[in-house]
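Have a look at the structure below, then the notes.
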Amino acid sequence: MDRFVRDDIRNIAIIAHVDHGKTTLVDGMLKQSGIFRSNEKVDERVMDSNDLERERGITILSKNTAVMYEGKKINIVDTPGHADFGGEVERVLKMVDGVLLLIDAFEGPMPQTRFVLKKALELKLKPVVVINKIDRPDQRVNEVLDEVLELFIELGADDEQLEFPTVYCSAKEGIAKLDMEEESEDLKPLFETIINHVPAPSGYMDEPLQMLVTTIDSNEYVGRIAIGKIARGRIKKNQQVAICGREGDVRTAKVVTLYTFNGLKREEVLEASLGDIVAVSGIPDINIGETIADPQNPEAIPFVSIDEPTISMT
Ligand code: GDP
């Protein structure tokens, strides 16, 4: 059976140390993707809506955003920047085919993002390096790039990963360029680099459905909402599905509502397939790490534990 390539989708995660500009960059991408009508106000801290998160200054929960660029959908999943969330990092990275490593042009790579980068390299993802805040008067872009290369070598990057593309960017000004001498008015070079360097999701469209639940959200109207990527096959609204539990148990359920992401919102759809990141409501007892599968072929995707203890780096 042939592998099917979803060239209309790119799934990426952003790895960034706190304050290096992840929120500002995603805001900028959302604005420029044309999703926002002029009368719609973009919350300044769209990615950081959780209070607890704000208090601790680290991103704990994974959020999904989707931006459109020239007919292709770029799903952006947030990664916890911190090593304390080892299991979550791994689950999130398994949903994506590429990562943006976002680094402040003055501060350079920080030790707290090493863990996540290491995981991404181990999973054979090819990073795009984004040097942000190039407008800073104290930027030291060239040294920072050397530091990034050293870090890649130290973390065991392979030859392909070492040939990472670099995008220079000012998220604040909403501009990106492929070399520092270039003039730029927008983030187009960043969008282009994502489309050209991150592989499109691919897999088996005509095989039985499999979707690993990566995140759980909830809402007072529809209850628990399971979020994850469709690894195989298709899913439809109102479909009967099997839920493969973590202990090898299998139960049945029904997909009541199916959503994909559009900007910061969820959008109801009737069907989604391989490569799509979706949200599913109607399964009251659904949990992280369970697989939503075809009832005739209930096969689980191996689970990465939630609380997998990892040693904090200091
Ligand atoms: P996050 O913690 O990675 O989400 O970082 P934020 O997006 O909240 O940005 C942290 C700080 O850096 C804020 O004060 C931003 O205004 C600032 N910032 C973000 N991008 C840029 C940039 O391109 N240039 C400059 N000079 N500051 C930026």
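What FRET efficiency would be calculated for the residue pair residue 154, residue 196, taking the C-beta separation as r and a Förster radius of 30 Å, to the nearest 0.05?
The computed FRET efficiency comes out at 0.65.
Taking the highest mean first, how do the peptides 199-205, 225-231 order by number of other beta carbon atoms within 10 angstrom per residue?
Order by mean packing, descending: 225-231, 199-205.
Please calculate how many Å² of accessible area segment 204-243 carries per residue, with a 1.4 Å probe and no DNA, RNA or ligand atoms counted.
Computed with neighbouring chains in place, this is 44 Å² per residue.
Search the structure for amide H atoms under 5 Å from the amide H of residue 79, placed 1.01 Å from N in the peptide plane, and list their residues when 5 or more places away or on another chain.
For residue 79, the qualifying residues are 14.
Taking amide H positions as placed in the peptide plane 1.01 Å from N, state which residues far from residue 172 in sequence (5 or more) or on other chains have amide H under 5 Å from it.
Here 133 satisfy the definition.
Classify segment 182-314 as rounded, prolate or oblate, taking a ≥ b ≥ c as the square roots of the eigenvalues of its Cα gyration tensor: rounded when a/c is under 1.5, otherwise prolate if a/b is larger than b/c and oblate if not.
The shape class here is prolate.
Anything over 28 Å Cα to Cα? Flag those among 22/94; 94/254; 22/237, in the order listed.
From 22/94; 94/254; 22/237, over 28 Å: 22/237.
Want the number for residue 124 to residue 240: 0.36 nm per residue separation, take away the alpha-carbon distance, what's left?
38.3 nm
Determine the distance separating the Cα centre of segment 209-246 from the Cα centre of segment 129-191; give it in Å without decimals.
36
Please work out the FRET efficiency for the pair residue 219 and residue 249, using the Cβ-Cβ distance as r and a Förster radius of 22 Å; give the result to the nearest 0.05.
Working from the Cβ atoms, E equals 0.25.
Taking H as built 1.01 Å from N, whose amide H comes closer than 5 Å to the amide H of residue 104, not counting residues under 5 places away?
Placed amide hydrogens put 132 under 5 Å from residue 104.
Could you run the Karplus curve 6.51 cos²θ - 1.76 cosθ + 1.60 with θ = phi - 60° over segment 101-114 and give me ³J(HN,Hα) per residue in whole Hz, x for Gly and Pro?
Running phi through 6.51 cos²θ - 1.76 cosθ + 1.60 with θ = phi - 60° gives 9, 9, 9, 5, 5, 9, 6, x, x, 10, x, 5, 9, 4 Hz.
Just to check I understand the Karplus step: with θ = phi - 60° and J = 6.51 cos²θ - 1.76 cosθ + 1.60, what whole-Hz values come out for segment 187-200, glycine and proline as x?
Taking θ as phi minus 60°, the curve returns 9, 3, x, 5, 4, 4, 5, 4, 4, 7, 9, 8, x, 6 Hz for segment 187-200.
Explain nothing, just compute: Karplus ³J(HN,Hα) = 6.51 cos²θ - 1.76 cosθ + 1.60, θ = phi - 60°, for every residue of segment 166-177 in order, whole Hz, x for Gly and Pro.
Per-residue couplings from phi come out as 10, 10, 9, 8, 10, 4, 4, 8, x, 10, 9, 8 Hz.
The values are calculated or read from the model by the stated rules, or taken from the named source; none is laboratory data. All values derive from a computational prediction rather than experimental measurement. Glycine also receives a Cβ, built like all others from the backbone with ideal geometry; neighbour counts cover every protein chain displayed. The protein model used for the area step is the full one, side chains on, heavy atoms only, and it has no ligands, DNA or RNA in it. Shrake-Rupley method; radii C 1.70, N 1.55, O 1.52, S 1.80 Å.
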